[in-house]
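Contents: one structure, followed by commentary.
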Amino acid sequence: MFEFLQKKVNDTITVSEEEFEYATTLFQPKKLRKKRFILEDGDACIYTIFVEKGLLRSFTIDEKGNEHILQFALEGWWSGDLYSFLTGEASEYNIEALEDSELLLITKASWDQLLDEVPAFERYFRILIQNNLIATQRRLMGTFSTTAEERYQKMLKQFPDVIQRVPLHMIASYLGVTRETLSRIRSQITSGS
């Protein structure tokens, strides 16, 4: 069950077999069925989540009932609400399985223990967090400085699996456009105009 996590960790840092074996004792495997939640708005985020198999989405719902998707998490990705996880405060996000998913969960206490016992994992998570910050900043700036079509084209190139596995209305939410706008963009791309 931990082979994919081990590959992703070893793609970023070097850990010994013994260190990785120890790390596996701190994770809890969980199967989450499609349309089930691992985190709901108002609850504290008690886990950081590694997606072994499946697909999650993190989103909020505004006062008008509109969904705003922050992230899709595919196989090999991490998900959660870092602020809530680190502080224990209530999350503003929901995390839902879009497909039947197999997850590896780690609590804050176990995460702290892992970072203390295997310092290489502190480097691993630092790299993940800094990469996430960079991606978030770029996404935010892209929202301000690129057209909806450019954002969609970029998503097609960067995340072709997401486009195939996620309903169009969710892609529209992620891109910050209406379904109608996304349909128009897709039609223009298909027709080559």
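For the reader, a short list of remarks on this structure follows.
- Some residue of region 131-141 being over 30 Å from THR190 (Cα atoms), small (Gly, Ala, Ser) and out of contact with any Asp or Glu (no Cβ under 6 Å at 6 or more places or on another chain): no
Conditions (1) in a helix (DSSP H, G or I); (2) under 30 Å from MET1 (Cβ atoms); (3) touching a residue at least 60 places away in the same chain (Cβ under 8 Å), marked per residue:
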position: ARG123; (1), (2), (3): yes, yes, yes
position: GLY142; (1), (2), (3): yes, no, no
position: ARG151; (1), (2), (3): yes, no, no
position: VAL177; (1), (2), (3): no, no, no
position: GLU180; (1), (2), (3): yes, no, no
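- When GLU21, GLU40, GLU52, GLU75 are checked against the criterion of being within 16 Å of GLU3 (Cα to Cα), in contact with a strand residue (DSSP E or B) (Cβ under 7 Å, 6 or more places away or on another chain) and without any contact (Cβ under 8 Å) to a residue 60 or more places away in the chain, a single residue qualifies: GLU52.
- Of all residues in region 55-72, exactly one satisfies the criterion of being in contact (Cβ under 8 Å) with a residue 40 or more places away in the chain and among the β-branched types (Val, Ile, Thr), namely ILE69.
- Residue match in region 143-150 (condition: within 19 Å of LEU74 (Cα to Cα) and either in contact with a helix residue (DSSP H, G or I) (Cβ under 9 Å, 6 or more places away or on another chain) or not acidic (Asp, Glu) (or both)): no
- Every residue from region 27-45 that is within 15 Å of GLN113 (Cβ to Cβ) and surrounded by fewer than 19 Cβ atoms within 10 Å (Cβ to Cβ): GLN28
- Residue in region 65-81 that is surrounded by fewer than 15 Cβ atoms within 10 Å (Cβ to Cβ), outside any loop (DSSP other than H, G, I, E, B) and aliphatic (A, V, I, L, M) present: no
- Failed condition for GLN130, given (1) of a type outside the set (Phe, Trp, Tyr); (2) within 16 Å of TRP78 (Cβ to Cβ); (3) outside the structural domain of PHE27 (by TED's automatic domain parsing): (3)
The values are calculated or read from the model by the stated rules, or taken from the named source; none is laboratory data. If you're wondering where the values come from, they're calculated on a predicted model, not measured in any experiment. Quick reminder, even Gly has a Cβ in these numbers, built from the backbone with ideal geometry, and neighbours come from all protein chains shown.
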